[in-house]
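Just so you know, all these numbers are worked out from the coordinates, no wet-lab data involved. None of these values were measured; they are calculated from a predicted model. For neighbour counting, all protein chains shown are included, and Cβ atoms are generated from backbone atoms with ideal geometry for every residue, glycine included.
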Amino acid sequence: MGAAGRRTGGTSRATTGGGAVLLGRSTRVALLALALTGCSLPDYTAPAPAAPAPAAPTSGGSGPGGNALAALDALVVKGRAPRAGYDREEFGPAWADVDRNGCDTRNDVLRRDLAEVATKPGTRGCVVATGTLVDPYSGATIEFVRGMGTSQAVQIDHVVALSDAWQKGAQQWDEALREEFANDPLELLAVDGRLNSAKRDGDAATWLPPARPARCAYVARQVAVKAKYRLWVTAAEKAAIGRVLAGCPDEPLPPSTVAARR
């Protein structure tokens, strides 16, 4: 396409069929150099970003919200159903990658709850090799080291024990919902392995954290889980939770990052 040029002060006015365009001195010099060398502007392709490490679940997000004591009053009270038919496998394979982030749930929770985390090389930031846990049930500091005979020092607690959930509504769910429940970050905490073993499948009527300051947050999380998944409580369990929350009536429900399908 032809164009006529006219010089105006420090700029040139190039005229085309579409009108006039002002060109600065630096622009004219660059275009002239390209024309003389027969070169064109090089193509530019942005470098691909490095693959990020899998994100650990967070404690924030949408969820039941509100006051734990009020939510407790809204839970259904019923007797405990028989434990018959319960098996851990009813809740899916242990520590599945349900959020499809490339890392199993156990390591997701370890990365969330431990401090000074170092991950195993070659696992794309997934597998936790070492870290420090301030146990939410006792306040003790535990150094986690992955390996035979050491990994169990820190365990992942199902805040509402799976067999307890089974006897209070979960046996009526399908397999997919039970697997979702067993891997929900709201339902999971990294804790002292010895205390997790001592708790077994107890509810609040039979087991509470030994550190009294930890009990309000603990029962509030149990209430949040049961409210989210519409699990019921026994009369003794509700009374035990109520006694704890009487000392902290403004205790909030912890938020959740995963919406239940129920």
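For this structure, a couple of remarks:
- Highest to lowest packing among 226-235, 125-134, scored as the average C-beta count within 10 Å: 226-235, 125-134
- Building the convex hull from the alpha-carbon atoms of the range 61-170 and averaging its projection over directions returns 9.7 nm².
- Contour minus Cα-Cα distance for Gln152 and Thr206 (0.36 nm per residue): 17.1 nm
- The Rg/Rh ratio of the range 68-246, with Rg taken over Cα atoms and Rh as the Kirkwood radius over Cα pairs, comes to 0.97.
- Added length on full extension, which subtracts the Cα-Cα distance from 0.36 nm per residue, Ser197 to Lys78: 40.2 nm
- Computed lengthening from Ala96 to Asp174, 0.36 nm per intervening residue step minus Cα-Cα distance: 26.4 nm
- Mean Cβ neighbour count within 10 Å, used as a protection proxy, ranking 238-250, 103-115 highest first: 103-115, 238-250
- Gap separating the Cα centres of the range 147-174 and the range 107-134, nearest whole Å: 20
- Rounded to the nearest 0.05, the FRET efficiency derived from the C-beta distance between Asp250 and Ser138 at R0 = 35 Å is 0.90.
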